[in-house]
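Novice: This structure is in structure tokens; I'll ask about it shortly.
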Amino acid sequence: MARSALLNVMVQAAFKAGKSLARDFGEVQNLQVSLKGPGDYVSQADRKAEKLIREELLKARPTYGFLGEESEEIIGTDGAHRWIVDPLDGTTNFLHGIPHFAISIALERQGEIVAAVVMNPATDELFTAERGGGAFLNDRRLRVAARKNLSDAVIGTGTPHLGVANHGTYLVELRHVMGEVAGVRRMGAASLDLAYVAAGRFDGFWERGLLPWDIAAGILLIREAGGWVADIDGGNKPMDDGSIVAGNEYIRKALHEVLHRPVPGK
Ligand code: IPD
Ligand code: CA
Ligand code: CA
Ligand code: CA
């Protein structure tokens with residue numbers, strides 16, 4: 001599997017941040033933690049990882065824009081390219097010592113995601129994709145799962161937490177999905193959830209209330225693994241809308257239908 005120079009830059013940045021996160025994960029009880037809002041934590045580890053990634057990416061491509069969760073956006077002079085970065089996706093898992101978190105780095109060109117890296121430093125799993133070049137887990141080419149029926153499917157999701165407004169809508173959706181599928185999983189890192197769909201581990205996934213850095217890389221991973229991604233209304237704007245429904249063509253469609261099933265008596 002040959003990686004482009006740009007993808008190599010992204011992988012190097014992820015490795016650097018990964019080393020830093022792995023060190024901090026070893027002494028998580030000593031980290032300074034603050035709240036951005038109810039249930040929304042950020043730590044020194046998030047900020048340090050973002051700084052490392054930002055320096056590495058901007059050193060390699062100084063004219064590109066940069067959108068990261070933990071620092072101010074840079075509008076690039078080049079106008080066409082933008083990095084979209086979540087330096088630590090799954091902060092809550094990280095702070096609780098749960099080894100399921102990731103670094104997510106995407107490159108956008110003229111509004112399209114063209115390269116993606118999602119890496120879990122706790123398991124050494126590196127997911128990569130380039131537009132038209134396929135998706136990979138380490139050196140293995142990925143393909144979404146082939147299951148066609150929801151009754152056989154394991155579906156990932158993201159449950160809202162304290163401070164998030166959509167609990168009611170979510171519970172209705174969850175009730176409908178639970179009644180149709182073989183299993184529902186809530187792992188706690190959206191970028192890895194999407195990488196798991198690309199790898200065929202999850203048959204499908206849905207969540208609302210996400211931000212571009214949670215999903216930019218995962219969207220390309222899924223498309224390059226032969227899967228389908230839409231927003232919750234079936235449109236092509238998950239990054240703008242912050243909602244996502246994903247799977248192979250059968251599961252995405254079936255999941256979309258279940259999520260939009262009318263509520264009896266309404
Ligand atoms: C969160 C995770 C989580 C999702 C939240 C995100 P963060 O990202 O991806 O799975 O449910 O909506 O905010 O804050 O840990 O980077
Ligand atoms: Ca966060
Ligand atoms: Ca995130
Ligand atoms: Ca984050």
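Novice: GNM on the chain, C-alpha springs below 10 Å: top fluctuator among L255, L58, L107?
Specialist: L58
Novice: When the chain is modelled as a GNM with alpha-carbon springs shorter than 10 Å, which of A145, A60, A225 fluctuates the most?
Specialist: Maximum among the listed residues: A60.
Novice: How would you order 159-171, 39-51, 18-30 from highest to lowest mean count of nearby Cβ atoms within 10 Å?
Specialist: Values: 159-171: 12.8, 39-51: 19.0, 18-30: 14.9.
Result, highest mean Cβ count within 10 Å first: 39-51, 18-30, 159-171.
Novice: Which lysines have a Cα lying under 21 Å from the Cα of K51, excluding residues fewer than 8 positions away in the same chain?
Specialist: In chain and number order, the partners are K16, K19, K36, K59.
Novice: Hey, got the Cα dimensions of the stretch 5-141 along the principal axes, in Å, largest first?
Specialist: Its Cα atoms span 41, 35, 25 Å along the three principal axes.
Novice: Measure nothing but the geometry: give the 0 to 90° angle between the long axis through the Cα atoms of 44-60 and the longest principal axis through the Cα atoms of the chain, rounded to 10°.
Specialist: Taking Cα atoms only, the helix is inclined about 70 degrees.
Novice: How would the stretch 22-72 be classified by its alpha-carbon gyration tensor: rounded, prolate or oblate, with rounded meaning a/c under 1.5 and the a/b versus b/c comparison settling the rest? List each step's numbers first, then the result.
Specialist: Details: a/c = 4.36, a/b = 1.64, b/c = 2.65.
Here the stretch 22-72 falls in the oblate category.
Novice: Note the direction-averaged projected area, equal to a quarter of the hull surface, for the Cα convex hull of the stretch 150-259, in nm². Before the final figure, lay out the partial values.
Specialist: Numbers: hull surface 23.8 nm².
If you wrap the Cα atoms of the stretch 150-259 in a convex hull and average its projections, you get 5.9 nm².
Novice: So how long is each side of the chain along the principal axes, counting just the alpha-carbon atoms, biggest first, in Å?
Specialist: Between the extreme Cα coordinates on each principal axis of the chain lie 56, 41, 33 Å.
Novice: Can you run phi through the Karplus equation (6.51, -1.76, 1.60; θ = phi - 60°) for the stretch 219-229 and list ³J(HN,Hα) in whole Hz, with x for Gly and Pro?
Specialist: Here the 3J(HN,Hα) series is 4, 5, 4, 5, 4, 6, 9, x, x, 10, 9 Hz.
Novice: Now for a separate question. Between 0 and 90 degrees, rounded to the nearest ten: what's the tilt of helix 167-178 against the longest Cα principal axis of the chain?
Specialist: Computed tilt is about 70 degrees.
Each value in this text was obtained by applying a stated rule to the coordinates, not by laboratory testing. Because the structure is predicted, anything quoted here is derived from the model rather than measured. Cβ: placed from backbone, ideal geometry, glycine included. Neighbour counts: every protein chain shown.
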